[in-house]
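K.L.:
I have a structure here, written as structure tokens, and I will follow up with some questions on it.
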Amino acid sequence: MSEQDMATAEEMMWAGRFITAKKRGRWEYVSRARNIRAAVILAIDEDIDGRHVVLVDQFRVPLGRRCIELPAGLVGDESADEDAADAAARELEEETGYRAGRMEPLGEFYSSPGMVSESFTLFRAHDLHKTGDGGGVDGEDIHVHRVPLAGLAAQVDAWRAEGYAMDVKLLLLLGAEMVA
């Protein structure tokens, strides 16, 4: 679709509580309702055993199976003026049981720009402290995984063999290793 075609008015096809289906010209796509954004957290801790990444898995209805992911959550789903860093810190602790001493913003990214207008802000969590078990809220059934970075590729292979889906954002950690 050309930039000229993009001048066509956006048409709302369907709206739900969290997502909307839209059309502009012949192009159909999905966006978040009410300007809700997302925050994704890259949480790496270090101890005498080396560097570990904190990941989560949860059942994802669109995939029909559990998915291994970086911790993440919605910004502004309860309060329109919620700060993205505050939401990231809240989501990290709710999902994983880790509290960050500092959240560093790494930028805004789009995960599937050909069909979804949603962006997410990526945060790097520093100075992690374990505060609880995690698991999410309201029956989210989130499982927490603390994986040595040195063994992440092998662990991803093992999870795939068990039938888990892999979130594209794991490429942040696997990218350089996959092309080496």
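The values are calculated or read from the model by the stated rules, or taken from the named source; none is laboratory data. Given the structure is predicted, the values throughout are model-derived calculations rather than measurements. Backbone-built Cβ (ideal geometry, glycine too); neighbour counts: all protein chains shown. Surface accessibility is based on the protein's heavy atoms, side chains included, excluding ligands, DNA and RNA. Shrake-Rupley method; radii C 1.70, N 1.55, O 1.52, S 1.80 Å.
K.L.:
Would you work out if the range 65-109 is rounded, prolate or oblate? Take a ≥ b ≥ c from the square roots of the eigenvalues of the alpha-carbon gyration tensor; rounded if a/c is under 1.5, else prolate when a/b is larger than b/c, oblate otherwise.
P.N.:
It comes out rounded by the Cα gyration axes.
K.L.:
Tell me, Kirkwood radius of the range 34-77 from alpha-carbon pair distances, in Å?
P.N.:
12.4 Å
K.L.:
Is there a quick way to get the dipole size of the chain? I mean about its Cα centre, with the Cβ of Lys and Arg at +1 and of Asp and Glu at -1; what is the value in debye to the nearest 20?
P.N.:
560 debye
K.L.:
Where the only charges are on Cβ atoms (+1 Lys, Arg; -1 Asp, Glu), what is the dipole of the range 76-180 about its Cα centre, to the nearest 20 debye?
P.N.:
660 debye
K.L.:
Using the Karplus curve 6.51 cos²θ - 1.76 cosθ + 1.60 with θ = phi - 60°, what ³J(HN,Hα) values do you get for each residue of the range 27-41, in whole Hz, with x for Gly and Pro?
P.N.:
8, 9, 7, 10, 9, 7, 6, 6, 6, 5, 10, 10, 10, 10, 10
K.L.:
Just to be sure I understand the curve: with the Debye formula and one point per C-alpha of the range 77-180, what is log10 I(q)/I(0) at q = 0.16, 0.21 Å⁻¹?
P.N.:
-0.96, -1.49
K.L.:
Not counting the cut sites, what is the longest span of the chain without GluC sites (Glu not before Pro) that DSSP labels loop and that have at most 11 other Cβ atoms within 10 Å?
P.N.:
79-161
K.L.:
Report residue 8's accessible area, 1.4 Å probe, all protein chains in place, as a number in Å² to the nearest 10.
P.N.:
Solvent-accessible area, nearest 10 Å²: 60 Å².
K.L.:
At 1.4 Å probe size, put 18, 120 in order of accessible surface, largest to smallest.
P.N.:
18, 120
K.L.:
Work out, in µm²/s and without decimals, the Stokes-Einstein translational diffusion coefficient of the range 1-89 at 25 °C, 0.890 mPa s, Rh from Kirkwood over C-alpha pairs.
P.N.:
152 µm²/s
K.L.:
From the P(r) of the chain, can you give the percent of Cα pairs sitting at distances over 30 Å?
P.N.:
Result: 24 percent of Cα pairs exceed 30 Å.
K.L.:
Separation of the range 90-166 and the range 50-75 by C-alpha centroid, Å?
P.N.:
About 5 Å separates the Cα centre of the range 90-166 from the one of the range 50-75.
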